[in-house]
Each structure stands twice: as structure tokens, then as C-alpha cells.
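*Asks:* Dropping the structure in here first, questions after.
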Amino acid sequence: MLKMSPGIAGQTIACLLLLLLSTAVKSQGVTVRLLSPDNKIEINFQTGQLDKKLSASQLFYTVSFKGKQLFKPSILNLDIKGAQPLGTDVRIINSKIIAADETYQLVLGKTSKVRDQYNALRLELQENTAPGRKLIIEARAYNDAVAFRYIAPQQEGQEGYELINENTEFHFSTDANTYAQVLPHYRSMYESEYLKLSVSAFSNQGGVKSSVLIGLPMLAEVPGVGWVAIAESELQGYSSMYLTNPSNGWSGHTMLSRLSPRLDSSGIAVKGKGSIRSAWRIIMIGDEPGRIIESNAVMNLSSPSAIANTDWIKGGKASWDWWSGSLGADGKPAFTTANMKYYVDFAAKSGLEYMLVDAGWSDDDLTKMNGKVDIPELVKYAAAKNVKVWIWLYGGTVAKQMNEAFPLYEKWGVAGVKIDFVERDDQEGIEFYYATAKKAAEHHLMVDFHGCTKPFGLERTYPNVMNYEAVLGMEQSKGGTRDNPENHVMLPFTRMLTGPLDFTPGGFNNVTKEQFFARSDSPMVMGTRTHHLALYVVYQAQFEMVSDYPMAYEGQADFEFIKKVPVSWDEIKVLHGIPGEYVSIARRKGNDWYIGSITNWNARTMTIPLSFLGTGNYTAEIYSDAADAATYPKHTSISKQPVNNKTVLQAKLVSGGGYAVRITKSK
């Protein structure tokens with residue numbers, strides 16, 4: 001065992017341990033086994049004849065958890081234009097295993113420090129027949145995940161490649177229960193519900209070719225074994241992965257990868273020069289779904305920060321004009337400089353760090369204002385009140401004008417940009433996210449992506465990326481009933497697994513399901529007041545909206561919780577939870593803890609032990625549903641009580657209810 005000195009871009013604060021366990025393997029059918037550090041998770045790679053119709057030896061993997069199989073033999077290969085799939089006729093020629101254990105710091109995130117402990121495998125394979133191409137599989141086994149990626153070295157005499165698809169199977173050991181987001185096509189904004197359906201429900205019933213696309217992440221429960229979530233990370237130079245069930249009939253329990261195709265080449269997903277290096281394919285694993293929420297696997301598999309000085313990157317909450325309909329102090333909508341100053345005044349009064357000006361301040365040219373809102377004047381006005389300004393941008397125009405627009409915004413003093421309607425995650429779309437983050441960082445601009453793909457670890461590499469939408473969020477309340485407590489309790493176990501989400505909470509016009517109707521100005525929200533307070537703890541967002549208009553919060557005692565709650569955290573504990581039913585999450589910032597608990601339309605009582613607290617005495621400031629909150633959902637009960645790590649709280653949540661707690665160390 002060899003100890004190495006700390007490093008990795010100055011972020012490593014613990015030593016890296018390497019255990020060299022090189023093994024040469026030359027025969028077919030040999031299994032290469034990789035275990036997690038705690039020996040509970042096992043991923044095996046093997047070659048053999050899985051399909052009797054094929055004479056070739058396939059590369060495949062299996063995954064087990066606590067001795068029980070999660071995934072049966074699942075095929076791995078790359079479909080490259082002009083050649084047979086790479087991985088269909090191969091043998092293992094060498095393997096090497098190392099062990100690593102380090103800790104790094106995140107600028108912002110669900111935790112401030114992350115332990116990156118894993119065992120890693122480098123598996124080398126070669127085709128049995130000419131031209132004898134090489135294939136490398138890199139794999140890692142963590143205590144809460146396994147991950148692997150393909151590397152296809154550049155072939156002799158080959159300048160470039162065209163990858164048609166990546167055939168990565170996820171063959172569940174049984175008909176798992178999935179929580180899946182079905183998307184209409186490859187250019188959506190990931191704003192659909194997550195459906196609870198078995199894997200077989202997505203199969204090609206009757207042999208009809210399925211067109212169902214499932215976006216990542218996808219959560220699944222394998223009965224009697226555990227919970228898994230399929231995700232991806234480190235996408236630079238690659239394309240985003242979707243899932244589909246290719247099986248003909250109800251007995252098919254396999255999901256198959258599908259890469260988002262390029263727009264400029266029919267039938268091609270990824271093209272380039274040199275070697276092919278895929279994104280990491282991640283399988284997060286836990287005996288409870290809450291353990292997967294706590295996982296930092298996506299961050300661990302992303303490149304460290306490319307920004308040397310991150311002092312200017314600050315998380316915070318923002319007042320926002322768009323959701324309420326730009327309502328002013330008189331209750332009338334006005335998209336003007338004067339009204340935006342009203343929102344700045346509210347931010348300053350409430351201790352919010354930011355104010356976001358949404359769409360409408362410019363026309364097609366992002367370097368010119370249209371006369372409605374004077375951005376430089378607003379920025380100067382806000383600066384005098386210790387508030388910084390973000391502005392909305394159209395993604396398609398950003399791609400054309402970022403080189404001219406971003407330096408201008410830096411000159412104006414803009415803090416960040418909300419980039420909307422990206423609607424792409426093909427190879428060029430993914431490159432847009434990286435290029436935009438890099439260019440924004442060069443001009444000290446933070447970024448909030450909207451109308452976009454799901455997170456994939458970019459915010460570790462470029463910590464100025466504060467947030468992503470890619471969620472069925474509170475904006476849907478302006479148009480219909482899709483945003484509701486049932487949706488709220490699904491998101492922590494699905495969309496939030498891969499990173500922060502700009503759900504835009506803070507609706508204070510709380511009504512019952514029966515009272516609700518959609519409207520654009522001063523929208524209503526379903527769920528109690530404390531339910532919506534708790535969302536600030538339940539959801540992760542480094543740049544968080546306070547979405548309602550200022551008068552909605554005037555004189556409301558429970559607004560105090562929103563003013564105090566942080567946006568970036570040191571520690572997370574998932575206390576309870578079943579997807580689509582309820583969840584209770586505790587997060588720590590410094591010495592203070594916050595608890596957010598929400599339920600669907602079923603009233604329930606939650607038992608919340610405070611054993612996660614340190615020693616000593618604390619004070620809990622509790623915001624709970626009032627006794628009549630089921631009928632009057634704006635009614636909140638606010639109380640304080642002394643607590644310690646022996647205390648057990650009883651949280652009574654009404655239908656669509658919530659529970660929000662701030663715990664501070666007693667002096």
C-alpha cells in the first residue's frame with residue numbers, strides 16, 4: 001500500500017491511497033470482480049456467449065448488493081459506423097485494480113466536503129478477429145454506487161469516428177418498480193411527471209416497436225434487494241443518455257441506452273477525432289431511497305473545478321418578478337425599471353442576496369436594451385442596497401452572442417445570467433453547456449440553466465453553474481394542476497438525485513385542491529404554507545427563488561423561515577421517505593440544522609428523532625400546520641422549544657401539509 005501526497009487542483013484535503021492489484025487475464029469466460037470498499041456492492045465483468053443465436057463472445061456485467069443480484073448479465077458495446085459493434089467479439093487481455101480514498105471541497109452543494117472513496121478497475125479487451133480493435137472499460141465501486149465508462153483507443157490509420165449509439169444494457173434481476181420520466185423526444189426540457197411503473201410496462205407489447213424515451217435519472221426498486229438509480233456524469237465531448245425497453249413482450253426487464261442524436265448528421269450520436277471516451281454510467285444503490293438522495297456519486301465522477309479563484313461565486317436567494325406577473329406595490333403588473341427597483345427594495349429589506357429580472361428587457365440582440373428596464377441603472381441602484389442583479393437570456397441567442405454579451409454584462413456589474421430554452425442535450429448541446437459555463441466564468445458571471453437537460457456534474461467543474469431547471473416546477477401553477485403535493489414528494493427521489501433544481505418555491509397564496517384554479521397573475525399554489533416553507537430545505541438549489549411578489553410576504557410571520565434558510569449546505573440526512581408519498585430531510589449549515597418534511601394528499605404524523613445533533617442543548621423554531629390548516633392552508637403554528645440529540649419531534653401534517661424547523665445551538 002502506497003501513500004501519496006495531497007493534490008488535485010488544491011482541493012484534496014486527505015491523502016490518496018493506491019492499492020495496486022494488477023491481474024493479467026488471457027482466457028475467455030474469466031470473471032473480473034470489483035467490490036466496493038465496504039464489500040456490500042459488487043460489479044463483475046465477463047465475456048461469454050449470452051445470445052445462442054450469436055457465435056461471438058459478448059462483453060457483459062452483473063451487479064449485486066449485499067449478496068443479492070440487482071442486474072443480470074447486461075451487454076456492453078459501442079455501435080460505430082462502418083464496423084461491427086465494439087464489444088461483441090472480444091476477450092479480456094488485462095485488468096488492473098486500484099483503491100483510492102480522498103476528500104475534496106465543493107464550492108457549493110448538498111455537502112461542503114465530499115469523501116471520494118472507491119475501488120477502481122481498468123479492464124482491457126481486444127477483438128478476437130481482424131482488425132483486432134482494443135476496448136477499455138474503466139469502472140469504480142463506491143459504498144453507494146458503481147460506475148463505468150467506455151474508452152475506445154484511436155485505431156491505426158483512423159483519423160475520426162462516428163458513433164451511432166452506445167448499447168449499454170441494464171437488465172434488472174426481476175420486474176423492478178421504476179419511477180420514470182417519460183419524455184416525448186430528444187429535445188424536451190425534462191418537465192414531465194415521474195410515473196411509477198414496472199420495467200415491463202415499457203416493453204414493446206405485441207412486438208410493436210416502442211418509441212418511449214425515459215430521461216435520467218431513473219429510480220427503481222428491485223423488490224427484496226434494494227433501490228437503484230441510473231444516472232450519468234462527465235459528458236464533455238459526448239451526448240446525453242436516455243433509456244428505452246427494447247423487449248418484445250411483457251417479460252422484458254431490460255432497459256437499453258439511447259444517445260441523443262446530433263442534429264447535423266442523420267443517425268449519428270457522437271463524432272470526433274482520436275479515442276472515444278463515453279460519459280460515466282452510474283448505478284446509485286441503497287437499501288432505502290433516502291440513501292440515494294444523500295449520494296454524491298455524480299459529483300465524484302466529475303472533473304474538479306476548472307476555476308482557480310472561486311471567491312466571487314456566492315449562493316443566495318433572489319426576489320423575482322416573473323412568477324407573480326411582475327406585480328408592483330399597487331397590485332398591478334408593470335415591467336419597468338421603477339417596478340424592478342421595488343423588487344430590489346424587497347430583497348434588501350428581506351436580506352436576500354439577489355434580484356432576478358426575467359424575460360423582456362432586450363429584444364433579439366442581447367447587447368441592447370429595448371427601453372423597458374435599464375439594466376445598468378438597476379444594477380447600480382441594487383449595489384447601493386447590497387443586492388446583486390441577475391438577468392434572463394434566450395439560449396439560442398446566447399450561443400451566437402456570448403462572446404460579445406458576457407463582457408458587456410461584466411462591465412454593467414451583472415452577477416449572473418438565467419439562460420432559458422436550451423432544449424438540447426445532443427453532443428453539440430452538451431458542448432454548449434460547457435462552453436457557456438467557461439465563458440461566463442471568464443467574466444465572473446454565475447449561471448442558471450432553464451429549459452435544459454438534467455444536471456450531470458458540470459457544477460463541480462464549473463461551480464459558477466448554480467442551478468438547472470429540468471423540472472416540473474411551481475411555474476406550472478400558472479397554467480394548470482400539474483404542480484401539486486404529489487409532484488413535490490416525487491422530485492427529491494428522482495430529479496434531485498443528480499443535482500440542484502430550480503423549482504422556484506415560495507408561493508404564499510396557499511389553497512386546497514378544491515379551491516385551486518390556474519391564473520397567470522398572483523397564482524395560487526396547492527399545499528399548506530408550511531409545506532411550501534419546507535421545500536426550501538427539501539430541495540437543493542444554490543440560487544433559489546423567493547417567487548411571490550413582495551406584498552404576498554408583507555406581515556407574514558412565517559416568511560421569517562425563508563429569510564433565514566441557507567441555500568448551500570455542509571451535511572445532509574434523509575430521515576424518512578417513500579417516493580410520491582412523503583419525505584423528511586435534515587440539512588446542516590455550520591452549527592445550525594434545518595428540517596423540511598412534506599406529504600402528498602394524505603395526512604400523516606412523522607416521528608423525527610434528533611439523534612443527528614451534536615452534544616449540548618439547542619433551540620428548535622418549529623413551523624407546523626395549524627389545527628385548521630386542512631381547511632385554511634395559509635394557517636401556520638409557530639413555536640419554540642429546547643431540544644437535544646435525545647429529543648423526538650412529532651410532526652403532524654395535514655393533507656398536502658408540511659413541517660419546517662430551524663435548530664440553533666443554545667448559548
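The values are calculated or read from the model by the stated rules, or taken from the named source; none is laboratory data. Just so you know, these numbers come straight off a predicted model, no measurement behind them. Virtual Cβ from ideal backbone geometry, glycine too; neighbours counted across all protein chains shown.
*Asks:* So which of T494, T512 ends up being touching a residue at least 24 places away in the same chain (Cβ under 8 Å), over 24 Å from T636 (Cα atoms) and of a type in the set (S, T, N, Q)?
*Replies:* Answer to the check: T494.
*Asks:* Just to be sure before I move on: is N617 polar (S, T, N, Q), surrounded by 14 or more Cβ atoms within 10 Å (Cβ to Cβ) and more than 19 Å from D558 (Cβ to Cβ) in the structure I sent? Working first, answer last.
*Replies:* Working: polar (S, T, N, Q): yes; surrounded by 14 or more Cβ atoms within 10 Å (Cβ to Cβ): no; more than 19 Å from D558 (Cβ to Cβ): yes.
Answer is no for this residue.
*Asks:* Same structure again: Mind listing whichever residues of the stretch 401-419 are within 28 Å of I268 (Cβ to Cβ) and under 18 Å from the mean Cα position of the chain (by Cα)?
*Replies:* I419
*Asks:* Let me ask another. When E232 is evaluated against the numbered criteria (1) within 26 Å of R187 (Cα to Cα); (2) without any contact (Cβ under 8 Å) to a residue 12 or more places away in the chain; (3) among the acidic types (D, E), which criterion, by number, is the only one it fails?
*Replies:* For E232, the exception is condition (2).
*Asks:* Have a look at T103, T111 and point out the one that is in the same structural domain as G157 (by TED's automatic domain parsing), polar (S, T, N, Q), more than 20 Å from the chain's Cα centre (by Cα) and surrounded by fewer than 21 Cβ atoms within 10 Å (Cβ to Cβ).
*Replies:* T103 is the lone residue from the list that is in the same structural domain as G157 (by TED's automatic domain parsing), polar (S, T, N, Q), more than 20 Å from the chain's Cα centre (by Cα) and surrounded by fewer than 21 Cβ atoms within 10 Å (Cβ to Cβ).
Condition check ((1) surrounded by 16 or more Cβ atoms within 10 Å (Cβ to Cβ); (2) more than 30 Å from F449 (Cβ to Cβ); (3) in contact with a strand residue (DSSP E or B) (Cβ under 7 Å, 6 or more places away or on another chain); (4) not assigned by TED's automatic domain parsing to the domain that holds P579) across all residues:
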| site | (1), (2), (3), (4) |
| --- | --- |
| E166 | yes, no, yes, yes |
| P184 | no, no, no, yes |
| S200 | yes, yes, no, yes |
| L213 | yes, no, yes, yes |
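*Asks:* Evaluate the stretch 496-510: report whether one residue or more is surrounded by fewer than 24 Cβ atoms within 10 Å (Cβ to Cβ), of a type in the set (D, E) and within 20 Å of the chain's Cα centre (by Cα).
*Replies:* no
*Asks:* Which condition does W322 not pass, out of (1) touching a helix residue (DSSP H, G or I) at 6+ places or on another chain (Cβ under 8 Å); (2) in the same structural domain as A348 (by TED's automatic domain parsing), if it passes all the others?
*Replies:* (1)
*Asks:* Can you tell me which residues in the stretch 314-330 are over 20 Å from G360 (Cα atoms), within 23 Å of the chain's Cα centre (by Cα) and either assigned to a loop (DSSP other than H, G, I, E, B) or free of Cβ contacts under 8 Å to residues at least 12 places away in the same chain (or both)?
*Replies:* K314, G315
*Asks:* Looking at the structure I just gave you, is E475 over 30 Å from K271 (Cα atoms), more than 17 Å from the chain's Cα centre (by Cα) and in a helix (DSSP H, G or I)?
*Replies:* Yes: the conditions hold for E475.
*Asks:* Show me the strands (runs of 3 or more DSSP E) found entirely inside the stretch 567-647 where at least 2 residues are closer than 30 Å to G286 by Cα.
*Replies:* 571-578, 582-589, 592-599, 604-609
*Asks:* Quickly run through the stretch 373-386 and pick out the residues that are over 19 Å from N464 (Cβ atoms) and surrounded by 15 or more Cβ atoms within 10 Å (Cβ to Cβ).
*Replies:* Within the stretch 373-386, V373, D374, I375, P376, L378, Y381, A382 meet the criteria.
*Asks:* Which residue, of S568, S624, is polar (S, T, N, Q) and farther than 29 Å from L106 by Cα?
*Replies:* None of the others qualify; the one that does is S624.
*Asks:* In the set M355, M340, which member is free of Cβ contacts under 8 Å to residues at least 40 places away in the same chain, out of contact with any Gly (no Cβ under 6 Å at 6 or more places or on another chain) and assigned to a strand (DSSP E or B)?
*Replies:* M355
*Asks:* Go through the stretch 95-204 and tell me which strands (runs of 3 or more DSSP E), entirely inside it, have 3 or more residues that are in contact (Cβ under 8 Å) with a residue 60 or more places away in the chain and out of contact with any Ser or Thr (no Cβ under 6 Å at 6 or more places or on another chain).
*Replies:* Values: elements: 113-127, 134-141, 145-152, 160-171, 177-183, 194-198.
Of the strands (runs of 3 or more DSSP E) lying wholly inside the stretch 95-204, those with at least 3 residues that are in contact (Cβ under 8 Å) with a residue 60 or more places away in the chain and out of contact with any Ser or Thr (no Cβ under 6 Å at 6 or more places or on another chain) span 113-127, 134-141, 145-152, 160-171.
*Asks:* I'm told E621 meets every condition in (1) among the acidic types (D, E); (2) in contact with a strand residue (DSSP E or B) (Cβ under 7 Å, 6 or more places away or on another chain); (3) within 15 Å of G527 (Cα to Cα) except one. Can you identify the failing condition by its number?
*Replies:* (3)
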